[in-house]
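The values are calculated or read from the model by the stated rules, or taken from the named source; none is laboratory data. Computed from a prediction, not measured in an experiment: that's the story for all the values here. Cβ atoms come from the backbone with ideal geometry, glycine included; neighbour counts cover every protein chain shown. Calculation scope for accessible area: heavy atoms of the full protein, side chains included, ligands and nucleic acids excluded. Shrake-Rupley method; radii C 1.70, N 1.55, O 1.52, S 1.80 Å.
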Amino acid sequence: MDKPLLFGITLQVYLMIAKRTLNSPVKSLAIQQQLGISGVIVRKCISELRVVHKKPICSGSRGYYFAQTKEQWERTKAQLLSRARELRKAANGPDEFFYDGVQGKMF
């Protein structure tokens, strides 16, 4: 299977993060300003880098950086999984509002 190509704005975002470390992260705002893109686009690029290109892009309050160790990646992974659990709760919580006390019907 061929490796997906990294190009365009995602490549530019990657190049801004690839040499960054835990001690020298880059803020989303700096990426936005340098590339003339929105925060939404930065997040989409980060997602593509992680999902499609399998790059260990870490994030924290100080910005984005490339994981130098598995431990660094594991911290970001734990944050992402925690956020996913909270989003699931938020998505399912309002279901109670519509519950009428009757078991769901098959048809």
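Pairs are defined by a Cβ separation below 8 Å, a sequence spacing of at least 6 or placement on different chains, a first member in region 20-31 that is closer than 17 Å to Pro56 by Cβ, and a second member that is open to solvent by 40 Å² or more (accessible area, probe 1.4 Å) and charged (D, E, K, R); the pairs so defined are Pro25/Arg62; Val26/Arg20. Applying the selection to region 51-63, what residues are open to solvent by 20 Å² or more (accessible area, probe 1.4 Å) and modelled with pLDDT of 95 or more? Within region 51-63, Val51, Val52, His53, Lys54, Lys55, Pro56, Ser59, Arg62 qualify. Residues that are outside any helix (DSSP H, G or I), open to solvent by 90 Å² or more (accessible area, probe 1.4 Å) and closer than 18 Å to Val26 by Cα do occur in region 64-85.
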